[in-house]
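Following: one structure in structure tokens, then a few remarks.
All of the numbers you see were taken from the coordinates with simple rules; none came from a lab. Values in this document were obtained by computation on a predicted structure and should not be read as measured data. Note: ideal-geometry Cβ built from the backbone for every residue, glycine included; neighbour counts use all protein chains shown.
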Amino acid sequence: MTLDFTRRGFLRFTATSAALIAASRTATARHLFNGGKLRHAHVGVGGMGRADLGSISSHPDLEVVALCDVDANHLAAAAKLHPNAKIYADWREMFQEMATEIDSVCVSTPDHMHAPVTMTAMSLGKHVYCQKPLTHTVKEARLIGTAAANSRVMTQMGIQNHSGGNYLSTIETFNSGITGPVSDVHVWSDRPAGWWPQGEERPEGSDSIPEHLSWDLWLGVAPERPYKAGRIYHPFAWRGRKDFGTGAQGDMACHLMDPAPWFLGLKDPLTVKSVGPKPTADCFPLWSRVSYRFPATPKTHKDGVNVTWHDGGKNPAELVKEYQIENLYSNGSLFVGPKGALLVSPYEPCRFFKKGEGEVEFERVTVKARDHYHQWVDACFGRDHCTAAFGYSAHLTEVALLGNIALEFPNEELRWNPKEMRFDGNAKATKMVHKPYRSGWEVPRLK
Ligand SMILES: NC(=O)c1ccc[n+]([C@@H]2O[C@H](COP(=O)([O-])OP(=O)(O)OC[C@H]3O[C@@H](n4cnc5c(N)ncnc54)[C@H](O)[C@@H]3O)[C@@H](O)[C@H]2O)c1
């Protein structure tokens with residue numbers, strides 16, 4: 001079978017994808033019902049991918065059959081651990097050659113390649129675990145969320161804290177009504193904090209590409225640019241650059257903002273507004289503060305709720321003072337209601353504060369952590385369900401990425417029209433809902 005990724009080939013692919021999905025599903029089902037193992041392929045096996053691969057492959061009912069990485073050193077290290085797996089530098093070749101021999105795929109590449117690999121895998125009927133943020137653009141998130149809703153493949157976004165004991169315990173405390181209807185949520189991260197470059201212009205010049213790296217494959221759907229060595233792009237440092245990463249908010253909001261839609265049942269925001277500095281042409285800014293206004297739900301104030309994101313060392317300092325919060329977590333959120341403020345973190349137990357009184361003890365609920373990776377593998381066998389399936393996590397990603405668009409329009413309240421996927425009255429912002437893919441890198445379109 002040949003998959004053609006040019007525009008014409010893409011049309012051909014779309015026409016045959018239904019048959020491919022059906023064939024692949026039948027193959028998967030027959031294979032699994034025969035007591036076989038889940039045949040797993042992993043794309044991006046260095047950095048977080050190494051940890052993802054370790055956690056997924058620790059499941060006894062899974063075998064790693066394919067490994068893919070554009071860095072031959074990373075690929076060799078993973079191949080040592082899984083010597084029976086076929087190895088690839090190009091994930092398109094992997095799908096072409098092994099489409100009927102793969103049941104599941106994990107995508108641990110830089111952000112700009114999440115959607116192309118995920119969309120292709122889903123089009124072929126593969127179960128997908130994809131790192132956060134699920135996508136690089138709002139439109140990709142919407143397409144993948146919609147496709148997941150219409151598909152039977154098992155999906156999970158890499159927000160492992162969603163299955164962690166702190167969040168699972170905190171939602172029980174929150175549901176006991178400890179704060180009352182929430183009027184404000186503040187979410188903050190200490191990132192980028194020098195972990196990766198932000199606020200910079202595009203580097204000038206070029207360096208020679210190391211032999212172990214395929215720079216063209218690394219660029220993938222992104223526009224071409226010369227390779228630069230050092231802490232600029234590969235590995236890890238790409239995060240702050242708009243062509244590849246999603247900045248501090250895209251990186252951390254999927255972890256830290258997660259409780260807002262989850263605990264409160266929030267849907268689409270009405271407005272989004274940034275009050276921080278504008279990004280440079282190449283990078284996200286050194287810090288940001290972005291406010292969203294959401295309509296009311298049964299868990300919020302009757303008029304709705306404000307959710308404010310802070311990064312780069314910013315936090316809700318006035319509330320911290322008002323509620324006498326000591327030892328504020330460096331990454332976390334604060335849910336504010338008429339009865340008090342609940343301090344939430346994926347890494348620490350929740351704490352409760354009353355205005356003018358400071359920290360107050362309350363009856364703690366302890367819920368055991370779940371294994372986010374094994375939950376997905378078990379779901380592929382029909383023995384569990386995924387708590388961060390794309391039906392949920394694509395929307396979380398969409399909300400986080402709307403904030404990144406707002407950064408480009410400081411102090412302007414953008415009115416989001418989720419049905420039409422546009423910002424009413426701002427065509428420039430609407431254009432940023434998606435991006436063109438590099439010519440020759442078109443991927444199968446999902447309805
Ligand atoms: N869930 C978490 O807690 C968590 C933590 C860290 C990173 N992440 C996410 O994991 C992803 C990777 O981040 P990272 O820090 O590991 O980045 P990284 O640059 O260190 O590693 C990315 C890996 O993917 C490979 N790669 C790059 N392009 C590829 C392509 N087109 N095909 C195949 N392989 C490719 C690289 O060679 C490298 O091995 C990001 O989306 C990031 O947000 C999640």
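One table, with the values for the structure above:
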quantity: Cβ-placed point charges (K, R +1; D, E -1), dipole of the chain about Cα centre in debye, nearest 20; calculated: 1080 debye
quantity: Percent breakdown of C-alpha pair distances by 5 Å bin, ordered from the shortest bin, for the stretch 203-349; calculated: 2, 8, 15, 17, 16, 13, 10, 8, 6, 4, 2, 0, 0
quantity: Debye intensity ratio in log₁₀ form over the Cα atoms of the chain, taken at each q of 0.06, 0.08 Å⁻¹; calculated: -0.25, -0.45
quantity: Distance between the stretch 258-306 and the stretch 79-157 - C-alpha centres, whole angstrom; calculated: 28 Å
quantity: Value of relative contact order over the stretch 238-382, rounded to a whole percent, pairs C-alpha under 8 Å and six or more apart; calculated: 15 percent
quantity: In degrees, nearest ten, helix 72-81 long axis to first principal axis of the chain (Cα); calculated: 90 degrees
quantity: Extreme residue, positive dipole direction of the stretch 61-111, given options MET94, LEU62, LEU81 (C-beta unit charges); calculated: LEU81
quantity: The stretch 353-447: relative contact order in percent, alpha carbon pairs under 8 Å with at least 6 residues between; calculated: 12 percent
quantity: Kirkwood Rh in Å, taken over the stretch 103-144 so that all alpha-carbon pairs contribute; calculated: 10.0 Å
quantity: Under 11 Å, Cβ to Cβ, from GLY332 - net charge with Lys/Arg +1 and Asp/Glu -1; calculated: -1
quantity: Within the stretch 261-313: Cβ-based charge dipole about Cα centre, in debye rounded to nearest 20 (Lys, Arg +1; Asp, Glu -1); calculated: 200 debye
quantity: Helical mean residue ellipticity (222 nm; -39500 (n - 2.57) per DSSP H run of 4+; nearest 500) of the chain; calculated: -10000 deg cm²/dmol
quantity: Mean Cα-pair separation over length for the stretch 89-211, i.e. relative contact order, pairs under 8 Å, 6 or more apart, %; calculated: 17 percent
quantity: Dipole moment magnitude, nearest 20 debye, the stretch 193-272 about Cα centre, only Lys, Arg, Asp, Glu C-beta charged; calculated: 180 debye
quantity: DSSP-defined antiparallel bridges as percent of all bridges, the chain, nearest 5; calculated: 55 percent
quantity: 5 angstrom amide H check on TYR88, placed H, neighbours 5+ away; calculated: LEU67, CYS68, ASP69
quantity: Charge tally in the Cβ shell below 11 Å around ALA78, where Lys, Arg are +1 and Asp, Glu are -1, ALA78 excluded; calculated: -1
quantity: Alpha carbon Rg of the stretch 191-243, scaled by the compact-globule rule 2.2 N^0.38 Å; calculated: 1.13
quantity: Stretch gain in nm, segment ASP371-SER214, where the contour uses 0.36 nm per residue and the Cα spacing is subtracted; calculated: 53.1 nm
quantity: Of every Cα-Cα pair in the stretch 280-390, the percent that sits beyond 21 Å; calculated: 57 percent
quantity: Counted charge near PRO210, where neighbours are those whose Cβ lies closer than 15 Å (Asp, Glu -1; Lys, Arg +1); calculated: -3
